[in-house]
Every structure is written in C-alpha cells, then in structure tokens.
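Only one structure is covered here, and it is reproduced in the block below.
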There are 2 protein chains.
Amino acid sequence: MKPIVTILSTGSELTAGRSIDTNSGWIAVQLGELGWKVNRFVVMPDDPRIILSELKALQLQAKENPDVPSLVIMTGGLGATEDDYTLQCALELSGQKMVINEKANIRLKSLYAARGKSYTDILPTVMRQIHYPENSYVLENGSGLAVGFVLNLSENAYLACMPGVPTEMKDMYKKRLLPFLKRTFEKGELYQKNRWIWGIGESLFQAEFISKQKDLLDAGMEWGVTAQKGFIKAIFQAEREDLVDQAIARLKDAYPNQNTEDVFSFLHETLRLNKQTISVAESCTGGLLGGKITDVPGSSAYFLGGHLVYSNEQKINLLGVSADLIGKFGAVSEEVCKAMLVGLEKSIPSDFQLAITGIAGPEGGSEDKPVGTIWIGRKRKGSDPEAFLYQMPGNREMVRESAVNTALYLLSKLLK
Amino acid sequence: MKPIVTILSTGSELTAGRSIDTNSGWIAVQLGELGWKVNRFVVMPDDPRIILSELKALQLQAKENPDVPSLVIMTGGLGATEDDYTLQCALELSGQKMVINEKANIRLKSLYAARGKSYTDILPTVMRQIHYPENSYVLENGSGLAVGFVLNLSENAYLACMPGVPTEMKDMYKKRLLPFLKRTFEKGELYQKNRWIWGIGESLFQAEFISKQKDLLDAGMEWGVTAQKGFIKAIFQAEREDLVDQAIARLKDAYPNQNTEDVFSFLHETLRLNKQTISVAESCTGGLLGGKITDVPGSSAYFLGGHLVYSNEQKINLLGVSADLIGKFGAVSEEVCKAMLVGLEKSIPSDFQLAITGIAGPEGGSEDKPVGTIWIGRKRKGSDPEAFLYQMPGNREMVRESAVNTALYLLSKLLK
C-alpha cells in the first residue's frame, strides 16, 4: 500500500536562501517511479526545536491514523559540525539511546591512521556521525562517513534519515533505502515512458492533447509535463503497459513532426557511433551552444570547435560573411545565417555545421525583428545550407537556451 | 519586532520533483535583508485539503502565541487553471467572501477586447484571478493578471499570497508587499556588506577567519557565506555600521590578494566605460566563457568574439598553435595556453585576450595532470601573455564553471 510521504530537509543555508534544496525534488522523482506522491516538502534551519516540533507533529499524525502507512524522509543534519542536530532529535523522538555502527567505526579508525593520527584525536562531533538510534534500521554510507537510519515512528510509520550531501544521499537512497521501501510498502510494478515535444507550451499541450485522453486517465494512467527551454517533456505512467503505449502512440499521431526521444543523448550516441564531427558558429548565444555540447563527457569524439562571432566584424573576419550581405539583410537574417554556415565549413571542415544568429534582448529588437527572433542554420558537408526562423518566447536567458536546444533538435532531425 | 516567518509554496510539479522551488529561497534572501530569519519552507501539491490543513495549523499556532508577531508568505495557486486553490483556501480560512478588484477587472476587459472577444467569453477560472478575500489588503500585480493579497490570520499574524510566476511574484514583492511588511513590523535599519574571496572553500574560511571574529559576533554582527564556483561570497550584517566595516577591513587584511567586489559587474562597467574590447579562446570550457560574458545584456559593447578550440587540430588551425609545441608540452600546458593567447590576438584584434585549456574530466586525467588541472591565460594587446595554473576541485561541471569565473577574475585584476 502506498504511504503518505513527507520530505524534510534541514540546513540554515537553505532557509536563508543561500542554497537551494535540490535533494527533496530528487527524492520525489525517485518515489514517483514507485508511483508514490509526496504530500509536503518541509525545509527547516539547523534549529533542534523547530526540527523536533515538526517530527513530533508528524508522529502524532501517524498515531492518529494507524491504518494509513506513512513515510518521512529527511536529509541533512547528520554531519560533523556543531549545527547538525538530526541524530539528537531522532533520539529524543524515539526515546532510544545511541549506539555505534561498527563498520563505520572501522572505516573512521583507518582514515585517522592513514593521516598519522590516533583514535583518541577524533572529535566528539566526528564520532557522533557513526552512531545511530538503537533498534533502528541502519543505512550504510557507501561514499562518506555519516550513517543513515530508519526509525519506527509508530505502528505503520517510518522516519528515514540520510545525509544532506547529494552524492552520499543519492548513493544511500539507491543502494539502501530503496530496497527497504520496496520491502516495506509492497507495490505494483509501474510502467513509464516519456516523449519530448518541440515548439509547444505546457498549457497548450494540456488543452489540446491531455484533455482528450480521458479514457486513459480514467483507466488509471497518470501524466506529467516538464517545461524545458524550447520543448516540453511529457511523462506517462500506469500499472498497465498498454495505457502508456496508447498515450505515446496518440502523441506521435497528434504531433507527427515535432516529437522526439531525448535529443541530447541521441546526438551523442549517433555522432560517436557514426564517427561524424560537428562545429558551431554562434552569434547571440555567445558560446552556450558549444558549452552545452561539451557538457557531455566524451564530446571530444565529435565536437571539433567553433567560432564566437558576437560582433559583425567577426562574422566578416572569421567566417567570411560579406559586409554587403550584412548591410543589405541585417546580421539576423536567413542570408547571413546561411553565409555563416558556408564560412564555418571552410574554416573548420566538419561533417555537420550549426549556426545561430538572433536577437536575445532585452535591447536590439525592432518592429520587423522583435526580441526573440532567431535564425538557426544547419548544414551537412557538401550540401546546401538551411536556415529556420523562430520566435522564441521569454527573457534573454530563455531565448538563448531555447535557441541552443532547438539547434540540437534540428541537427538530430538531419541525422535521422 | 521581527516576525516568525514561514514560507509556503504550492504546485504539484514541485512536490513531484519536476520543477524546483526557487521562489522560497528568493523571498528568504529578501527577508534576510530586513534581518528576518525564516523558520520553515513548506512545499505542497495543488491539493486544497493539504493546503488548508497547513494554513489552519499555522493560524492555530499564531492564536496560541498572540504576543509573537508572525508572517506566512505563500506563492502559487492564484492562476487561472482548475488546480489553483489558494483563493478558495484563503476564503475558507478567513470566512470572508470574495470581492472583485476593479483595476484588474478593467485590465482583463481591455485584454479581451484587444483579442476581439467579449467580456462574457471569459472563463470563470480566469475571472477568479481578479478576486480577493473581502477585508484583506490587495497586492496589485504590475506584470500579470492575478491579484495578490494579505489576510489577517489573528491579532498579530498575517498571511500574504502572491502568484507563483517568478517575475510577477518578485515585482509584487518589491513594489507592494515589502512596503507593507516594513510598515507592519517596524524594524531597525540593518547595515550590510559583502565581499568575494577567491580560491578558498566555505569550511576553511569559517575555520581560519570567522572563528576569530568572536568580538564582532558577540556585539551582534551576523554573517553568511555562499559557496560559488571558484570563489565564496561572504556577507556581514549588523545594526551597527562599524561592526560590518571592521569585518570587511579584517577580511581584506587576511586575504590581501584574493578578495574582490562583484567581479562580473566590475568588468561590465569598466570595459564599457573604457571602451575596451575582449576576445576568448576556449578549449575545455567549450564556449561557457563566451556564454557567461554574453549573459549580460549590453556585452556587445566589448565582447568581439572568440574561438572554440576543443580539438588539437583546431588549436593549430584557428589559433596557429604549433603542432610541435602541443606534441612536446601537451595541449594542457603553460606553453600552449600562451600560444593560444598570441594566436587569438592575431586573429581577433581586441584589447584583452583570455584563454582556457585544461582537463575537465571525468576522463583524460593523468598522474602529472589530474582532472581539474586548468591553465588560464590573459593578455593585454601588445604585452606578453601570462598563464596561471589551477587545480580546480569537484566534478566536470564545477571544474568548468570555476575555470570560467577564475578567468574573469584574472581579467579584472589586469584591469585594475
């Protein structure tokens, strides 16, 4: 039976707005794969009174509803500094005493020995990290020192505590907590698929597609949409595989020319496999396209390089675009975009070329070419250049990211 | 008197982990400037039962502590879709009826008229957006339709509701809610300064600097640190100006060669003022440096362009780096970094040149040159090239961002 889920995180840097809680969202996505929904995220400062009062309220709620299974997942506050209070709060809540985890103790001793220090040098706050409440279920830490644990809050309610360091938490979740959760709250297998749709917003998709899937939704399918820059990602989930497959088939039908799988991994795999190379010429994106391509480790197999031609001078100087052409049509035009591609191929002989020129704003727009006007060009070695016009919505950042993503989408269609 | 603050946000996309709540952190930073601390963030799905039960608990708490002022700020759920429940919950909580905001009504009518639609076409959910609970304080929306409001929860407790769209919320906070908050919870003036420190981590800074400022902290100064990529930002805050100034003076003393103001705005202002130009040559950052520079509107005044030389071939082809030099010292070397600068100046004659070559990982490291080894070069037109070696910590993303920020830091020192 699916539990009622609350996700807690602690850290004064979070409630002061100095850092953003990304752990809770990550955990929610993992739980979503089990088909579980989260009732609330609560973010608290490193203040034991606030933490304990929240935990006590959740425990009371669980005790008052003994038939409904519930789960609280908490991250943070298990470290070695003075403002880590999670263990202390868990002990007070459960009335248990703390016990040492021998495996972690051995790791800690050898760590100190390796640094030429003796066991007696270890600070009490460091020692606290390898303790957990007696009678709780230990979550071993595969990448750090702090031990996690799962406490019984009441008959049918659990509190899982994990470190706040994202790498340690994610590793602990996957290897330790997830198997525990599956065993404890048996679940039906969930089937999930997703699809990217280009050049459409979340609300339009909801109005013109989702609203027509009443039969699938009534039969138990769930859906979600993530708005990205330039595309949306639609996710379908159900216990019945056929419902999800039906939804995907209808989606392909409704958006025949603008639905794709994950374009970024497709490009990476295909270019590597085909041993083909690419290069870029960027004006308004100023390097973001090259930056996005090289975000991926191993992109050196196909990304040769490119030109940043932010100024007209450099379009002329580096790509050999003629000054007359720029004068006649403007730097943001089909003609200049195509000339950028031709010049790029001459300068860097790659198998495919991409070029972007546009008006990212907030200044520089006109009636003819408002902010968001973007020409994106693509070319295959030896073929004619092609250029496509877009009107990208949003602010400077959104326009630039949409342009970058859309350029990679156009390349992926050429590679198909 | 400072209120006890809770920040709520609603949105099923948040609790499903499909998007991240950035509004709460932004509001916490604003409140931090008033010297107010936040007790909890709570993130909830678009579920009126969950929202109402949270609001009722907060109202009860406020009623039980009538002497302590309290403030709840809530974002989201004021839109025009069926899963927007904030107004409904506020009405139920307060027992007020809803009334129309005439200003917003006039805007909505003219919007519909402009689209050639009549007033009667307006959907009820759209109409709901321009309503608010009677006897509440209206927060007008300067950039969107949905009206915000502040309700009395009890004698000394307020609930402020704003839209979840970040641009609308931020505008409404600054222009409407902030003046209300200042009037309602009179505060002592707070004095604040910050400083950037390069090449040092948060914990070392805390251990070697903050720990020695006990006198200032005891006298009432508060501090904070934000870890960035390549630098940290230290923030000092107090009602007494002299405490903050003292802290800044000591910081400059402790880190004489690595403390700066905001390097990114300094560069933008200085280059514009001096009418000087820059260009870049990027290897492992693949365009991120150009991308960062052109994030700033108006950067076309000084950023001419650059070369992405991700492959060795293109270092030779575009920058004229000699193949022998790469063979002898490797692409990640002082020699190649300097040769990139010299080639860049020849190709793009700007006043200043920046170059980056390094190993971003996760592959490509060796014993001599482990992952994170980065050479960053800077050059002034006609002067000798300089190159600086860094060992950047963290994963690929962190290494690349640190390299980009550090390159801009090195340029700012050259401009001083």
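Rounded to the nearest whole Hz, the Karplus-based 3J(HN,Hα) values (6.51 cos²θ - 1.76 cosθ + 1.60, θ = phi - 60°) of the range B:2-10 follow the sequence 5, x, 6, 10, 10, 10, 10, 9, 10, with x at glycine and proline. Rounded to the nearest 10 degrees, the inclination of helix A:102-114 to the longest alpha-carbon principal axis of chain A is 70 degrees.
Net charge near A:Cys337: determine it from the other residues with C-beta under 12 Å of the C-beta of A:Cys337, scoring Lys and Arg +1 and Asp and Glu -1. Combined, the nearby Lys, Arg, Asp and Glu give 0. In plain terms, the bigger the Kirkwood radius, the slower the diffusion; for the range A:69-126, with that radius from Cα pairs, at 25 °C and 0.890 mPa s, Stokes-Einstein puts D at 181 µm²/s. Between B:Val68 and A:Thr22, the modelled label-to-label distance comes to 3.4 nm, taking each label 7 Å out from Cα in the direction of the beta carbon. Here the 3J(HN,Hα) profile of the range A:310-324, calculated from phi with Karplus coefficients 6.51, -1.76 and 1.60 at θ = phi - 60°, is 5, 9, 4, 3, 6, 4, 6, 5, 8, 10, x, 5, 7, 4, 4 Hz, Gly and Pro shown as x. Residue of chain B with the smallest Cβ distance to the axis mapping B onto A, distance rounded to whole Å: B:Gly287, 1.
Can you give the relative contact order of chain B as a percent, counting alpha carbon pairs under 8 Å and 6+ residues apart?
10 percent
Derived from the Cα gyration tensor, the three semi-axes of the equivalent ellipsoid of the range A:191-260 are 19, 12, 11 Å, largest first. For the peptides A:390-399, B:82-91, residues were scored by their other Cβ atoms within 10 Å and the scores averaged per peptide; the highest-first order is B:82-91, A:390-399.
For a test of the definition: using alpha carbon positions, the gyration tensor, and the 1.5 limit on a/c, classify chain B as rounded, prolate or oblate.
Prolate, since a/c reaches 1.5 and a/b exceeds b/c.
Considering only the other residues whose Cβ falls under 12 Å of the Cβ of A:Asp245, what net charge follows from Lys and Arg at +1 and Asp and Glu at -1? Computed value for this residue: +3.
Helical runs (DSSP H, four residues minimum) scored at -39500 (n - 2.57) apiece and divided by the length of the protein assembly as shown put the mean residue ellipticity at 222 nm at -11500 deg cm²/dmol.
The calculated FRET efficiency for B:Ala254 paired with B:Ser110, based on their beta-carbon distance and R0 = 51 Å, is about 0.30. Here the range A:5-144 has an Rg and Dmax of 16.7, 54 Å, counting Cα atoms alone.
Enter the mean number of other protein chain beta carbons within 10 Å of the beta carbon of each residue in B:16-29, as an integer.
6
With +1 on each Lys and Arg Cβ and -1 on each Asp and Glu Cβ, how big is the dipole of chain B about its Cα centre, in debye rounded to the nearest 20?
900 debye
If you take all C-alpha pairs in the protein assembly as shown, what percent of them are over 47 Å apart?
28 percent
How many angstrom lie between the C-alpha centres of the range B:117-164 and the range A:191-236? With the range B:117-164 and the range A:191-236 each reduced to a Cα centre, they are spaced 29 Å.
Helix A:23-33 sits at what angle to the longest principal axis of chain A, using alpha carbons and giving 0 to 90 degrees rounded to 10? The two axes meet at around 90 degrees.
Against the main long axis of the alpha-carbon atoms of chain B, helix B:334-347 sits at an angle near 80°.
In the assembly of identical copies, B:Lys175 has its label point, taken 7 Å from Cα in the direction of the beta carbon, separated from the corresponding points by 5.3 nm (ascending, one decimal).
Protection proxy ranking of B:306-318, A:358-370, by the mean of other Cβ atoms within 10 Å over each peptide's residues and highest first, is B:306-318, A:358-370. Note on B:Ile122 and B:Glu241: the extension gain reaches 37.4 nm, defined as 0.36 nm multiplied by sequence separation minus the Cα-Cα distance.
Any idea what the dipole of the range B:280-337 comes to, in debye rounded to 20, about its Cα centre with Lys/Arg Cβ at +1 and Asp/Glu Cβ at -1? Working shown, then result.
Numbers: 3 positive and 6 negative charges, 17 e Å.
Value, rounded to 20: 80 debye.
Here r is the Cβ-Cβ distance between A:Lys413 and A:Glu202 and R0 is 35 Å; the resulting FRET efficiency, rounded to 0.05, is 0.95.
Distances, shortest first, from the label point of B:Val138 to those at the same position in the other copies read 6.3 nm; the point lies 7 Å along Cα to C-beta. So, counting K/R as plus one and D/E as minus one, what does the shell of residues with Cβ under 15 Å around A:Ala323 add up to? Taking every Cβ under 15 Å from that of A:Ala323, the sum is -1. Building the convex hull from the alpha-carbon atoms of the range A:263-415 and averaging its projection over directions returns 8.1 nm². With the simple model of a label 7 Å out from the Cα in the direction of the Cβ, B:Thr270 to B:Lys233 spans 1.9 nm. Can you give me the long-range amide H partners of A:Tyr191? Hydrogens built in the peptide plane at 1.01 Å from N, cutoff under 5 Å, separation of 5 or more residues or another chain. Placed amide hydrogens put A:Ala238, A:Glu239 under 5 Å from A:Tyr191. Copy-to-copy label distances for A:Pro362, where each label lies 7 Å from Cα along Cα-to-Cβ, are 4.1 nm in order of increasing length. Counts of other chain beta carbons within 10 angstrom of each beta carbon in peptide A:310-318 average 6.
Once the Cβ-Cβ distance between A:Asp295 and A:Asp384 is put in as r, and R0 is 30 Å, what FRET efficiency do you end up with, to the nearest 0.05? It comes to 0.50.
We did not get these values from a lab; they are worked out from the coordinates using the rules stated. In this text the structure is predicted, and so the values were computed from the model without any measurement. All Cβ positions, even for glycine, are placed from backbone atoms using ideal geometry, and neighbour counts span all protein chains on display.
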